[in-house]
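Read the figures in this text as sums done on the coordinates, not as results from a lab. All of these numbers come straight from a predicted model, not from anything done at the bench. All Cβ positions, glycine included, derive from the backbone under ideal geometry; neighbour counts span all protein chains shown.
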Amino acid sequence: MAKGRGTASCSARVIVALMVVSVLALQVDYVQAATYIVGDSLKWAFNVVDWPKGKHFKAGDVLVFNYNPSFHNVVVVDSGGYNNCKTPAGATTYTSGKDSLTLSKGQNFFICSFPGHCERNMKIAVTAI
């Protein structure tokens, strides 16, 4: 008889432990960053300005800019730089042709600073929550 009670007691402890782990797992707010290819199959190119529409970005998500570095770049700008297609002093410029940039909470602005490219809508504005 003692053997049976010990087995039942051990099984009960395992069940309780699994229940506790399950409850804790439900309470964890697991957030995984998403990765987006800017422009999808068109890549970082002219007229990509509407690419962010309909997408829901979060802080920590990663934007991957694929492009030919002989013809394009990616510049992180403020709203003024975005609206006026100007690269402000101290702006960070990426030139690898495959740049992965992590979104900050709030507005994020990116342009291509090659002459005339931003004006041809090679720019995006992304808001991350």
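Condition first: more than 14 Å from residue 63 (Cα to Cα) and not hydroxyl-bearing (Ser, Thr, Tyr). Now tell me which residues in the stretch 107-129 satisfy that. Break it down into steps so the answer makes sense when it comes.
Looking only at the stretch 107-129, we keep the residues that are more than 14 Å from residue 63 (Cα to Cα), and these are 112-122, 129.
Listed by number, the residues that qualify are 112, 114, 115, 116, 117, 118, 119, 120, 121, 122, 129.
If you go through the stretch 98-109, how many residues are out of contact with any helix residue (DSSP H, G or I) (no Cβ under 8 Å at 6 or more places or on another chain) and closer than 18 Å to residue 51 by Cβ?
7
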**Request:** Name every residue in the stretch 37-86 that is surrounded by 18 or more Cβ atoms within 10 Å (Cβ to Cβ) and in a helix (DSSP H, G or I), in order of residue number.
**Result:** 81, 82
